[in-house]
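Single-structure report; data block below.
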Amino acid sequence: KTSIGRVNACLRKNLPVNVKWLLCGCLCCCCTLGCSLWPVVCLNKRTRRSIQKLLEWENNRLYHKLGLHWKLSKRKCETSNMMEYVILIEFLPKYPIFRPD
């Protein structure tokens with residue numbers, strides 16, 4: 001619950017800024033030949049990186065010890081052609097430490 005809360009807090013902090021830049025970029029898109037949308041692309045990339053860093057910190061702090069690995073994955077939506085980011089939880093393989101090499 002705490003990990004998802006941290007991800008949501010990161011999104012809650014960055015989403016209003018991204019929406020404002022998107023609206024501004026869409027209004028000026030015709031005049032700038034699409035260059036006004038670059039700030040939105042950069043902000044989205046920064047948000048994605050911050051979530052990936054947060055998940056990596058959570059993995060190192062807690063989930064790798066439990067045999068889990070959380071990561072951000074890009075998936076196609078089931079109902080449309082759009083892409084979305086989802087948190088994927090994978091199980092790490094257990095290594096037999098008592099078996100000789």
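The values are calculated or read from the model by the stated rules, or taken from the named source; none is laboratory data. Just so we're clear, the structure is a prediction, and the values are computed from it rather than from any experiment. Glycine gets a Cβ as well: all are built from the backbone with ideal geometry, and neighbour counts include every protein chain shown. For accessibility, only protein heavy atoms count, side chains too; no ligands or nucleic acids. Shrake-Rupley method; radii C 1.70, N 1.55, O 1.52, S 1.80 Å.
Regarding the range 71-78, can at least one residue be identified that is part of a loop (DSSP other than H, G, I, E, B) and either modelled with pLDDT of 95 or more or open to solvent by 40 Å² or more (accessible area, probe 1.4 Å) (or both)? Full working, then the answer.
First, pick out the residues of the range 71-78 that are part of a loop (DSSP other than H, G, I, E, B): 77-78.
Still in the running and either modelled with pLDDT of 95 or more or open to solvent by 40 Å² or more (accessible area, probe 1.4 Å) (or both): 78.
Yes, some residue in the range 71-78 is part of a loop (DSSP other than H, G, I, E, B) and either modelled with pLDDT of 95 or more or open to solvent by 40 Å² or more (accessible area, probe 1.4 Å) (or both).
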Legend entry - Where His64 falls short, out of the listed (1) open to solvent by less than 100 Å² (accessible area, probe 1.4 Å); (2) within 29 Å of Asn18 (Cβ to Cβ): (2)
Legend entry - First in the range 1-16 and farther than 18 Å from Asn59 by Cα and in contact (Cβ under 8 Å) with a residue 24 or more places away in the chain, second anywhere and surrounded by 11 or more Cβ atoms within 10 Å (Cβ to Cβ) and among the polar types (S, T, N, Q), Cβ under 7 Å, 6 or more apart: Asn14/Thr47
Legend entry - Every residue from the range 29-49 that is surrounded by 14 or more Cβ atoms within 10 Å (Cβ to Cβ) and either polar (S, T, N, Q) or outside any helix (DSSP H, G or I) (or both): Ser36, Asn44, Thr47
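What tally of residues in the range 12-28 results from selecting those that are open to solvent by 100 Å² or more (accessible area, probe 1.4 Å) and either among the basic types (Lys, Arg) or over 15 Å from the mean Cα position of the chain (by Cα) (or both)? Outline the logic, then answer.
Looking only at the range 12-28, we keep the residues that are open to solvent by 100 Å² or more (accessible area, probe 1.4 Å), and these are 12-13, 15, 20-21, 23, 27.
Then drop every residue that is not either among the basic types (Lys, Arg) or over 15 Å from the mean Cα position of the chain (by Cα) (or both), which leaves 12-13, 20-21, 23, 27.
Qualifying residue count, the range 12-28: 6.
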